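Here the structure is laid out as structure tokens; the discussion comes afterwards.
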Amino acid sequence: MTTLPFLGNELLEGERVRLALPHENDIEPIALWSHDMGQQRMLRRGMVYPGTVEGMRGWMTEMLNGDKDYPFAIRAQDDDRLIGMLVIKDIFWQARHCSFFISIGDAAERGQGYGTDAVRTMLKYAFMEMNMHCVRLEVMGYNTGAIRSYEKAGFHKDGTLRAFVYRDGVYYDIETMSILRNEWEQLYNGSRTPIEKN
């Protein structure tokens, strides 16, 4: 077998998860995940509301048929089960930057390192395939677990959108974070797997 001088399937493979094209069977569980209001309030800046299978199918179809967003199903390496979803969005090709959002669907799967691994895999794709210069994100200031996960993946805090989210009579901040390509390259140190950050 000839070894390629570039990444093949491992481009979308992490240590524990792989990113894959979402398929029809993923739509119903993803729609059901939107009924977890606690999780939705950790991820969304606006009003939350349970989604429908039909609405999710329409949203997914729009993304897959367009060229503005790139959705991925997050699947476990060991048994191919659906763990979550990740979407690369807000792509600015001229300046070579983008943002993304990620959701680990089942509460039992959260806090197990799947999200961090999925983000690291997405960064590999964004920098090595899409040729991005910077990947950005926004995270609720109260989502401390997600902030730790992003920092572990190499993101740095850029700033704060003050009093941006309203929850039960209280305004909360949103933190903006980013990682530049050269910072990502230093983390990987020329290898195809990241150097573990403490």
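Read-outs throughout are calculated quantities, based only on the coordinates presented, and are distinct from any laboratory measurement. Keep in mind that this is a model prediction, so the values were computed, not measured. Ideal geometry is used to build each Cβ from the backbone, glycine not excepted, and the neighbour counts take in all protein chains shown.
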- line: Contact order relative to length for the chain, counting C-alpha pairs under 8 Å separated by 6 or more residues, stands in percent at 17
- line: Once amide hydrogens are built 1.01 Å from N within the peptide plane, the residues lying 5 or more places from GLY14 or on another chain with amide H under 5 Å from its amide H are LEU19
field: Calculated from backbone phi, Karplus (6.51, -1.76, 1.60) coupling profile of segment 72-83 in Hz, x at Gly/Pro
entry: 10, 7, 9, 10, 5, 5, 6, 9, 6, 6, 6, 10
message: Given R₀ = 41 Å, what would the calculated FRET efficiency be for PHE92 paired with THR3, taking r from the Cβ atoms and rounding to 0.05?
response: 0.75
query: Using a ≥ b ≥ c from the Cα gyration tensor of segment 1-94 (square roots of the eigenvalues), is it rounded, prolate or oblate, where a/c under 1.5 gives rounded and otherwise the larger of a/b and b/c decides, a/b for prolate?
result: prolate
statement: If MET122, MET140, MET128 are placed from fewest to most neighbouring beta carbons inside 10 Å, the sequence is MET128, MET140, MET122
Structure-derived Cα extents along the principal axes in Å - corresponding label in [x] 54, 37, 27; [y] 58, 38, 35; [z] 45, 37, 32: [y]
query: Using θ = phi - 60° and the Karplus curve 6.51 cos²θ - 1.76 cosθ + 1.60, what whole-Hz ³J(HN,Hα) does each residue of segment 154-166 get, with Gly and Pro shown as x?
result: x, 6, 10, 6, 9, x, 10, 8, 6, 6, 9, 10, 10
task: Determine the calculated [θ] at 222 nm for the chain from helices alone, applying -39500 (n - 2.57) to every DSSP H run no shorter than 4 residues and normalising by the residue count; nearest 500 deg cm²/dmol.
output: -9500 deg cm²/dmol
task: Can you tell me which of 169-175, 101-107 comes out highest on packing, and rank the rest after it, using the mean Cβ neighbours within 10 Å?
output: 101-107, 169-175
task: Quick one: net charge around MET122, please, counting Lys, Arg +1 and Asp, Glu -1 for every other residue with C-beta under 12 Å from its C-beta.
output: +1
query: Can you put ARG45, ARG81, ARG75 in order, fewest other beta carbons within 10 Å first?
result: ARG81, ARG45, ARG75
message: Give me the extension gain from VAL53 to GLN112: residue separation times 0.36 nm, minus the current Cα-Cα distance, reported in nm with one decimal.
response: 18.5 nm
